[in-house]
Amino acid sequence: MKRTFLFASIIAMVAVLAVSCKEKNAAGDAPKARFAYATDGLVVTFTNASKDATEYAWDFGDGAEISKEENPVHTYAAAGTYSVKLTAKNAAGENSATESVTVEAKAFEIAIDGNFSDWNDLPADKLAEASLDDMGTMEGLHNIKFIANADYIYFYMEYEGDGSVGVLDIFMNIDGDAATGHDSWLWENSGADILFEGGTDATNWYPDFFTFLNGDDNSGWNWEPQDAEGAINLSEIKAVNNGHLALEGSIVRAAIQGMTSCSVGCLVQGPNWSGEVGALPETYVDLESGASVVPPMITVKLD
Ligand SMILES: [Ca+2]
Ligand SMILES: [Ca+2]
């Protein structure tokens, strides 16, 4: 009984407050704009603390569309400091408040341990990814992911587990120049200066590390072996979804001399280099023209 009475009292108080606000507004007070915010990586949750307002307009300072929500959640595409302006309105006028909001990409950690759950919650603006879709012409490679921090380039590769895949290749264009490095038919302007290549077996992948010897015709297989010791760290190969196999690894950035940018394409070959059975990004057939479309490699953000 006591609790019911208390509850009823609160309702009555809220009603009185609501009436008094309404009376104040009727007298013609302009609103007061105010807000608080909380950041989580590049995601910002705004909490409106405006008084006497009936409408809101949020300018997030990044060129995004104005939001009219009372308490919006906004995701920035890149780290930085943004001037966020809230304009609160009512029939008597409007008022605005501006705050500088600084967002940073979420720190992330990837352990090279064969547990791939750390790939599920990575900053979207830093993650480079390609997946096999229905238009692909080869089906051996299902998914690749790459992400870099100051020290490492991390990668995840998921491929067909039926024994059709025996060799994994990672091609990297590290100078942004298509005229240097291997000119692959798999990717447009590939210019791959670096290759990590390894054969799979039941439990592991032992990679070799090559740099490309530029010549008159860069479409040849002119790879020079380098010492891969310490340049790359790999997990065991594990069975994942749908009979696929996967592995994760890290490449030491300091082991790659002269890297100013990084574009990546991955190829899988049959056992004993018996031919290409998958590549991502994938060449696909354009349904309208019937033409084969050769994609560019994916770009790994280095900072
Ligand atoms: Ca892991
Ligand atoms: Ca190049």
Two pseudo-spin positions, 7 Å from Cα along C-beta at Glu139 and at Asn214, lie apart in nanometres by 4.1
In degrees rounded to 10, the 0-90 angle between helix 2-26 Cα long axis and the longest Cα principal axis of the chain is 80
Between Ser292 and Ala79, the two model label points (7 Å from Cα along the beta-carbon direction) sit apart by a distance in nm of 4.2
Quick calc, the chain, dipole around Cα centre from Cβ unit charges on Lys, Arg (+) and Asp, Glu (-), nearest 20 debye, gives 2560
In whole angstrom, largest first, the equivalent ellipsoid semi-axes that the Cα gyration tensor gives for the chain are 54, 22, 19
For Lys85, counting only aspartates and glutamates whose alpha-carbon sits under 19 Å away and dropping same-chain residues fewer than eight positions off, the answer is Asp52, Glu55, Asp59, Asp62, Glu65, Glu69, Glu70, Glu94, Glu99
Proxy exposure order for Trp187, Trp221, Trp273 (fewest C-beta within 10 Å first) is Trp221, Trp273, Trp187
With +1 on the Cβ of every Lys and Arg and -1 on the Cβ of every Asp and Glu, the dipole magnitude of the range 30-103 about its Cα centre, in debye rounded to the nearest 20, is 220
Here the Kirkwood hydrodynamic radius of the range 30-103, Cα-based and in Å, equals 12.2
Percent relative contact order for the range 30-103, counting Cα pairs under 8 Å at least six residues apart, stands at 37
In terms of the charge dipole of the range 30-103, which places +1 on Lys and Arg and -1 on Asp and Glu at the beta carbon, the residue among Trp58, Thr47, Gly93 farthest towards the positive end is Gly93
The range 150-303: spread of alpha-carbon positions along the three principal axes, whole Å, largest first, is 46, 40, 31
Of Ala148, Ala57, Ala105, the most mobile residue in a GNM of the chain (C-alpha springs, cutoff 10 Å) is Ala57
The range 66-85 scanned against label point 7 Å out from Thr39 along Cα→C-beta; backbone N under 15 Å for 74-85
Once the dipole of the chain is set up from charges on Cβ (+1 Lys and Arg, -1 Asp and Glu), the residue from the list Gly265, Thr81, Ala231 lying farthest towards its positive end is Thr81
Env charge @ Glu248, Cβ radius under 13 Å, K,R +1 / D,E -1, value -3
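A short reminder: the numbers here are calculations on the coordinates, not readings from a lab. This structure is a prediction, so every number in the text was calculated from the model and none was measured. All Cβ positions, glycine included, derive from the backbone under ideal geometry; neighbour counts span all protein chains shown.
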